[in-house]
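The numbers here are math on the coordinates, done by the rules we state, and not lab data. A quick note: this is a predicted structure, and the numbers were derived from the prediction, not measured. FYI the Cβ positions are ideal-geometry reconstructions off the backbone, even for glycines, and counts take in every protein chain you see.
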Amino acid sequence: MSSGALFEKYRGIKIMVVDDEKIYHDILKNILASLGFTVCEAFDGLEALTVFEDEAPWMVFSDLYMPKKNGLMMAREIQRKNKDVPIILMTGSISENSIVFSPDLKIISVILKPFKLGDVILALEQALQNIDDSRDSRIHRFGENKS
């Protein structure tokens, strides 16, 4: 499915943005809102856990290094509650081998800051495709009708 079709199909879903750096937080929030998504927000990993419980977002864009609880610890706790939530991590410092993820975490992408619009769109498309594939898998597995 094309990114435009995916964006249209999932228009309005809730996406959580978690970043302690206001400039990146606001830029990402504005990009997602301009694409038609509903945005909930947190400014550190600990606050994100509360917002996740209250808002139930479909996916999460999160900074990797934040105060109180880093993005990886936050992702692990979120995915204990809902293993199907795709997580996109963002960081200002990364080398190719600097981050090792547990295979049980559903980290869709890592975006390097300062990010470009194309990086956000690609990660968003990957996460939406992941949601779409998971949904189709559940529908097939449980014999539900697609609508």
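Observations on the model:
- Within the chain, percent of DSSP bridges classed antiparallel, to nearest 5: 0 percent
- Cα-based helix-to-principal-axis angle, 45-55 vs the chain, degrees rounded to 10: 30 degrees
- DSSP-assigned coil residues among trypsin sites (Lys or Arg not before Pro) in the range 1-41, each with at most 11 further Cβ atoms within 10 Å: R11
- Relative to its residue count, the chain spans a Cα convex hull of 117 Å³ per residue.
- Relative to the longest principal axis of the Cα atoms of the chain, helix 22-34 runs at roughly 20 degrees.
- Helical mean residue ellipticity (222 nm; -39500 (n - 2.57) per DSSP H run of 4+; nearest 500) of the chain: -15000 deg cm²/dmol
- Each residue in I23, I111 was given a count of other beta-carbon atoms within 10 angstrom of its own, and listing them fewest first yields I23, I111.
- Counting only alpha carbon atoms, the long axis of helix 71-81 and the longest principal axis of the chain meet at about 30°.
- Order of I108, I88 - criterion: other Cβ atoms within 10 Å of each residue's Cβ, fewest first: I108, I88
- log10 of Debye I(q)/I(0), alpha-carbon scatterers only, for the range 9-79 at 0.17 Å⁻¹: -0.54
- When GluC sites (Glu not before Pro) are flagged only if DSSP places them in a loop and at most 13 other Cβ atoms lie within 10 Å, the longest unflagged stretch of the chain comes out as 1-95.
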